[in-house]
Amino acid sequence: MQRLDHTSSTFSSIAVRHDNTPQNHNVWHYHEELEFIYIKHGKGTFFVGDCIQQFSDNFMVLIGSKTPHYWLFDEEYIKSSPSYVADIHVVHFRPDFIGSDFLGLPEAVDVKQVYRLAKRAILFPSSDPRLIHFFENLSVQMPTKRLIMLLDILDYTATLPTPTTLVSSNYTNPQQQGDYLRMNKILDYIRLQYKSKIQLDDIAHVAGMTPNSFCRYFKQRTGKTLIEFVNELRIGHACKLLAEGNAPIKEICFECGFHNFVSFHKMFKSITGSTPSAYRESVS
């Protein structure tokens, strides 16, 4: 995966960006900085650690230092003439953004706990007015005010009850910088081919590995087998189609890459805890 650096080339310990180009996020990467992101408008699939999570408007998440992630926006946001325009607010900051001694202070206990949870990616309520205000106003503040606002919002997040984390507690991050090109080739291949049958030999060839080596490599990087990863991606696409249209469920089954309706139904319930028809009713 690719190691990025968002703050060393700036004159600030906080990098703030308002982005309408989701292609900038479409790379498997990690960085020393934490990433606090608010997708005001946009839909797609979020890969973080060993989690595959669908996202839509008003998605807010704090991603920990060195936690690998990848944003795959839906086609209507990334094609050459997009039907919809994404609206993304991103804040990157190092753990010690207000000084190297900061985390050693007794007052930093709550913030350190937020950092620990962020290693597993903290998902926040989409309608929290205080978080929305933070994202929409941070960029216009003077540098000192930005520091104060960031520290204040981290302290606030520590008070929120029962935080939702996306990455499983037993996920281990290999943190190898040199293989980011390989991992992105693999994810690009899956992104283009997951609606059809993916052959292990073919994807191993794309990765430049033997099938056995590829299976070990992929499981180490994503925490999932190739079959688990592809099935979760397919079911995520099925959820999108069920929520946004009226196509027959059997048609959606084949559109998502399944060749057997019984196996689709079983896999859908295994991953979502619901049947396709019940899911459609719940979101309509």
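The values are calculated or read from the model by the stated rules, or taken from the named source; none is laboratory data. Computed from a predicted structure; not experimentally measured. Don't worry about glycine lacking a Cβ; one is built from the backbone with ideal geometry, like all the others, and counts go over all protein chains shown. Each accessible area value is taken on the protein alone, full model and side chains, heavy atoms only, with ligands, DNA and RNA left out. Shrake-Rupley method; radii C 1.70, N 1.55, O 1.52, S 1.80 Å.
Which of rounded, prolate, oblate describes the range 210-281, given a ≥ b ≥ c as roots of the alpha-carbon gyration tensor eigenvalues and a/c under 1.5 marking rounded, otherwise prolate only if a/b is larger than b/c? Here the range 210-281 falls in the prolate category.
When both the range 152-174 and the range 86-107 are represented by their alpha-carbon centers, they are found 15 Å apart.
Normalising the average separation of contacting C-alpha pairs (under 8 angstrom, six or more residues apart) by the number of residues puts the relative contact order of the range 14-165 at 28 percent.
For the residue pairs LYS79/LYS119; LYS119/LYS269; LYS119/LYS185; LYS224/LYS250; LYS195/LYS269; LYS197/LYS224, the alpha carbons lie more than 22 Å apart in LYS79/LYS119; LYS119/LYS269; LYS119/LYS185; LYS224/LYS250. By a 1.4 Å probe calculation restricted to protein chains, TYR189 has an accessible surface near 50 Å², given to the nearest 10.
Surface composition of the range 14-165: carbon plus sulfur atoms contribute 51% of the solvent-accessible area (1.4 Å probe, protein chains only, all chains present). Ligands, DNA and RNA left out, the 1.4 Å accessible surface of the range 171-277 is 52% carbon and sulfur atoms.
Add -39500 (n - 2.57) for each DSSP H run of 4 or more in the chain, then divide by its residues: what number comes out at 222 nm, to the nearest 500 deg cm²/dmol?
Values: 11 runs with 118 residues, N = 284.
Roughly -12500 deg cm²/dmol at 222 nm, from the helical runs in the chain.
Computed from Cα atoms, the angle from the helix 226-244 axis to the main principal axis of the chain rounds to 90 degrees. A probe of 1.4 angstrom, applied to the heavy atoms of all protein chains, finds CYS253 with accessible area near 0 square angstrom.
For the range 86-96, backbone phi angles converted through the Karplus equation (6.51, -1.76, 1.60; θ = phi - 60°) give residue-by-residue couplings of 6, 9, 10, 10, 10, 10, 10, 8, 6, x, 9 Hz, Gly and Pro being listed as x. Compute the label zone of GLN193 within the range 25-55: residues whose backbone N is under 19 Å from the point 7 Å along Cα-to-Cβ. Within reach of a label on GLN193: 28.
Compared with the dominant Cα axis of the chain, that is its longest principal axis, helix 143-157 is turned about 60°. For the range 187-248 versus the range 19-39, the spacing of their alpha-carbon centroids is 21 Å. When volume of the Cα convex hull per residue in Å³ is calculated for this entry, the matching label among (1) 188; (2) 147; (3) 177 is (2). Between the Cα long axis of helix 211-222 and the first principal axis of the chain there is an angle of about 40°, rounded to the nearest 10.
Can you put LYS240, LYS119 in order of accessible area, largest first, using a 1.4 Å probe?
Values: LYS240 40, LYS119 95 Å².
Ranking LYS240, LYS119 by accessible area, largest first, yields LYS119, LYS240.
Our note on the geometry: Cα centres of the range 112-135 and the range 264-284, 28 Å apart. Ligands, DNA and RNA are left out, and with a 1.4 angstrom probe the accessible area of the chain is 50 Å² per residue.
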